[in-house]
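Okay, so here's the structure we're looking at.
Here, each number is a calculation from the coordinates, and none is a lab measurement. Quick caveat, the model's predicted, so the values are computed rather than measured. Every residue, glycine as well, gets a Cβ built from its backbone with ideal geometry; the counts of neighbours run over all protein chains shown.
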Amino acid sequence: MNKTFATAMLLGSTVALAACGQKAPEDIPPPPASTVPEAPATTPTTPAGPSVGSQAHFEQSINGQNVIYFDTDRFNIDSADAAALQAQAQYLAQYSSVSITLEGHADERGTREYNLALGERRANAAKNYLVSLGVAAGRIQTVSHGKERPVALGSNEQAWAQNRRAVSVVIN
């Protein structure tokens, strides 16, 4: 009988405790206020233009002066070329991780071999000028395309003048 009485009491107390369960409140209290201040809205700091070190950024920064022009059968740097190369040297001094290739070009007159050699002399003349302005020689590569990549088609002085050039191209 003691066992039956103890079991009945245990069952009765379990039922009584289950009936006394808490009810959910009718109104839920608001969450606690945050103690961490919110960060103020910031404006993006990335530039809206071309990315630094790209060809577009290079040309924009030096006002499109990435091409210098030469007289017929010449590879000397004149005052207009010097101004363009000085702007390039300033850009390269500001962005020390940027390297360039100087492409030497010639017009269509002359043999392929002659024009390749002339294009090389033009690219090297531009490189030597940049090095004299403080740009590390290791950041400048040269290549000659001779007469193989004209920008102006035609067999006249206007087309030839546009094709006698050295072009600075950003490499990464």
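Tabulated data for the structure shown
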| item | result |
| --- | --- |
| Those residues of segment 44-66 which are free of Cβ contacts under 8 Å to residues at least 40 places away in the same chain, in a loop (DSSP other than H, G, I, E, B) and surrounded by 13 or more Cβ atoms within 10 Å (Cβ to Cβ), in sequence order | Pro50, Ile62, Gln65 |
| Which listed residue is within 21 Å of Lys147 (Cβ to Cβ), among the small types (Gly, Ala, Ser) and touching a helix residue (DSSP H, G or I) at 6+ places or on another chain (Cβ under 8 Å), from Gly49, Gly104 | Gly104 |
| Residues satisfying the stated conditions in segment 67-90, i.e. over 14 Å from Ala126 (Cβ atoms) and either touching a Ser or Thr at 6+ places or on another chain (Cβ under 9 Å) or surrounded by 15 or more Cβ atoms within 10 Å (Cβ to Cβ) (or both) | Gln90 |
| Among residues of segment 122-170, those that are basic (Lys, Arg), surrounded by fewer than 18 Cβ atoms within 10 Å (Cβ to Cβ) and closer than 17 Å to Ala106 by Cβ, counted | 1 |
| The one condition in (1) in contact with a Lys or Arg (Cβ under 7 Å, 6 or more places away or on another chain); (2) buried (at least 19 other Cβ atoms within 10 Å of the Cβ); (3) of a type outside the set (A, V, I, L, M) that Ser99 fails to fulfil | (2) |
| Selected residue (criterion: farthest from Val169 (Cα to Cα)) from residues of segment 67-93 that are assigned to a helix (DSSP H, G or I), out of contact with any strand residue (DSSP E or B) (no Cβ under 7 Å at 6 or more places or on another chain) and of a type in the set (S, T, N, Q) | Ser79 |
